[in-house]
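Working notes, structure below.
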Amino acid sequence: MNDQPLWRPSATQIAGANLTAFMREVNAHEGIDLSDYSALYQWSIDHPDRFWTELWNFCGVISPAHGGPALVDGDKMPGARWFPQARLNFAENLLRRRDGTDAMVFWGEDKVRRRLSHDELYRAVAQFAAALRSWGVEPGDRVAAFMPNMPETIIAMLATASLGAIFSSSSPDFGVQGVLDRFGQIEPKVLITADGYYYKGKIIDCLARVGEIVNQLPSVQLTVIVPYVYARHDLGKIRAAQLYPDVVAAHARVTEIRFDPLPFDHPLYILYSSGTTGVPKCIVHGAGGTLLQHLKEHRLHSDIKPGDKLFYFTTCGWMMWHWLASGLASGATLLLYDGSPFIGRGGSTILFDFADAEGMTHFGTSAKYIDAVAKEGLEPIATHRLDSLRMILSTGSPLAPESFDFVYQKIKREVCLSSISGGTDIVSCFVLGSPIRPVWRGEIQCRGLGMAVEVFNEEGRPVTEEKGDLVCTKPFPTMPIRFWNDPDGGKYRAAYFEKFPDVWCHGDYVELTRHDGVIIYGRSDAVLNPGGVRIGTAEIYRQVEKLPEVMESLVIGQNWPPGQIGDVRIVLFVRLRDGMVLGETLIAKIKQTIRVNTTPRHVPTKILQVPDIPRTKSGKIVELAVRKVVHGEPVKNIEALANPEALAHFRDRQELMT
């Protein structure tokens, strides 16, 4: 039982928070007396039309047309329509500042340093938008980016959005087929790519793959190559290729942007499901919903203020890149990093070096990164100042209680640690942080404002302090507009609305705590079910990965006896520290740790050593793919994996035959 929080905001911090200012405005406008987060949250889900309108006004959304209702058909899910009479331009809202202060600071490992002011960013977007327009890019056309996390990616996105075209991105570590599985479905008119990127000090070439990709994307009329790692370029083998400087040179005198006002639900982004169970689903998100939701999450939940320095360690293939980019709408300076996080003056400290060098206020990363830093024995609290750091954000997988301890003991004591969770499906969060609430060990602080999040048991009834499915019972603005190539909406409805009719079921196995916080135990489809007892995978990971011998782990349920579908047994795979071998003593230690801290049912029947664990490009381990391999079933789309060769370590294991 957690008797004391790990961190509490001071009275001064609460008084100065954007969330407190917003609550004051709501009270004044609505004639009510909301006094804390719980009351504000309840009001926001009871009165969604009023909440989202208040948020729109509080954040100063730039819009030439804002009349009419905030919500139409609010009883339909899906089917609700938000701000149907509003018109806005996403890029205009992100480019509201035009001055000499930093809009972006970019580090490409320890090789490249660049800064762009708001003035320079605006001009760069103006020129690239003019270039796209000259190539016939129109509203609804697709512009695809095969890019590192660098300024030109943000520039390309903003230029695309200014025209009403649709932007879609993939990280450059994808192979040819992985890119074609994504961009081949959406048929882009323009492809923008870097010549390569840096990773652990090495140059990784992109041009050879780009040549193959473009040859198989007949829709591409222009291939824009951004110089990054090479001084000279041979573009002869790349169809329709031009260098980025040449593309914008013809528009060098353009200084203004024509922002086309567009409907609230005009398509902005196409994002992709992980693709580990088949060809990725293409998820279309609207401009207005994305803008409004990100403004809420940045200003209210993350307390971002003008001039803050916002960082998230992400690739352009993960939704956190889109989340990061929206920070411009709140006046933040974006701190962009591309490359390996495990280099730097201290060996693996470059992200903390970046934080000190630029006065980072918000440090965003993955739970796996925090665990890796702990395993490596780093102590940033002793080696770095981190004076400006107010919030650490973590996502990608559940943050273990021991990682909460590590942050406060070894990174910074006076900081708001906000574990956040949502996904590509909503390009935002269901549960996240609150600057006016305490941080409890192992818990996400709160449910997002305006998000009617509940936990349903197997009978579809809401429960508290009991594990179940994370659901959302009312519409919200970042529900996808549609899936691409899904004309009747059948795939869309099947993805979220099959388990509980008219209720969004997100697929996370979670618990709503007595603190009104949330604990995530893993994905619902990866839940273990030995003897009919549901066990979240994170419950086991939290115990195993706190052992110093274990670097990371992956657990599945194996059908047992083999070839039969009925009961399952728990099988745990572990990657140990270099040079260590899994013996009976360590197996007994692992089992005892799990048994003492959970229940006997959590204890794996088999524990096996592997040299590597497969993960997606965004770093998420893939239990379902491993389960398929163990059961001799094909994995449909290994291109979605960062290290598909790791699957071989799980295939035909003799230990699993008995």
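Computed values, structure above
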| read-out | value |
| --- | --- |
| Dipole of the stretch 241-367 [Lys/Arg +1, Asp/Glu -1 at C-beta], most positive-end residue of PHE313, GLY286, VAL247 | GLY286 |
| Per-residue HN-Hα couplings for the stretch 520-526 [Karplus 6.51, -1.76, 1.60; θ = phi - 60°; Hz; x = Gly/Pro] | 9, 9, x, 7, 4, 6, 9 |
| Cα-based convex hull volume of the stretch 356-408 per residue, rounded to whole Å³ | 80 Å³ |
| Square roots of five times the Cα gyration tensor eigenvalues for the stretch 2-46, Å | 23, 14, 7 |
| Of all accessible heavy-atom area on the chain, the percent that carbon and sulfur account for (1.4 Å) | 49 percent |
| Lysines whose Cα lies under 20 Å from that of LYS617, excluding same-chain neighbours fewer than 8 positions away | LYS200, LYS202, LYS281, LYS368, LYS628, LYS636 |
| Probe 1.4 Å, accessible area per residue of the stretch 41-94, Å² | 40 Å² |
| Computed over the chain: relative contact order in percent, which uses C-alpha pairs under 8 Å that are six or more apart | 13 percent |
| Euclidean distance of C-alpha centroids, the stretch 133-158 and the stretch 487-542, integer Å | 35 Å |
| Ranked order, LYS76, LYS620 - accessible area, probe 1.4 Å, largest first | LYS76, LYS620 |
| Probe 1.4 Å, protein heavy atoms only - accessible area per residue of the stretch 395-483 in square angstrom | 29 Å² |
| Residues with amide H under 5 Å from that of SER419, placed H, sequence gap 5 or more | SER394, GLN445 |
| 5 Å-binned pair-distance histogram of the stretch 150-216 (Cα, whole percent) | 3, 15, 26, 24, 19, 10, 3, 0 |
| Cα shape, the stretch 114-169, gyration tensor, a/c 1.5 rule | oblate |
| MRE, 222 nm, helices only [DSSP H, n ≥ 4, -39500 (n - 2.57), over the chain, to nearest 500] | -8000 deg cm²/dmol |
| The stretch 177-278 - Rg over Rh from alpha carbon coordinates, Kirkwood radius | 1.01 |
| Distant alpha-carbon pairs in the chain (separation over 34 angstrom), percent | 43 percent |
| Dipole moment magnitude, nearest 20 debye, the chain about Cα centre, only Lys, Arg, Asp, Glu C-beta charged | 760 debye |
| Listed residues ASP488, ASP181 arranged by accessible area, highest first, probe 1.4 Å | ASP488, ASP181 |
| At q = 0.14 Å⁻¹, base-10 log of I(q)/I(0) for the stretch 601-653 (Debye sum, equal scatterers on each alpha carbon) | -0.36 |
| Loop GluC sites (Glu not before Pro), the stretch 476-559 (other Cβ atoms within 10 Å of the site Cβ: 11 or fewer; DSSP) | GLU498 |
| Per-selection Kirkwood Rh - the stretch 62-181 (Cα, Å, 1 d.p.) | 16.7 Å |
| The stretch 1-86, Cα convex hull volume normalised per residue, Å³ | 155 Å³ |
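The values are calculated or read from the model by the stated rules, or taken from the named source; none is laboratory data. Since we're looking at a predicted model, the values are computed, not measured. Quick reminder, even Gly has a Cβ in these numbers, built from the backbone with ideal geometry, and neighbours come from all protein chains shown. These accessible areas exclude ligands, DNA and RNA; they are computed on the full protein's heavy atoms, side chains included. Shrake-Rupley method; radii C 1.70, N 1.55, O 1.52, S 1.80 Å.
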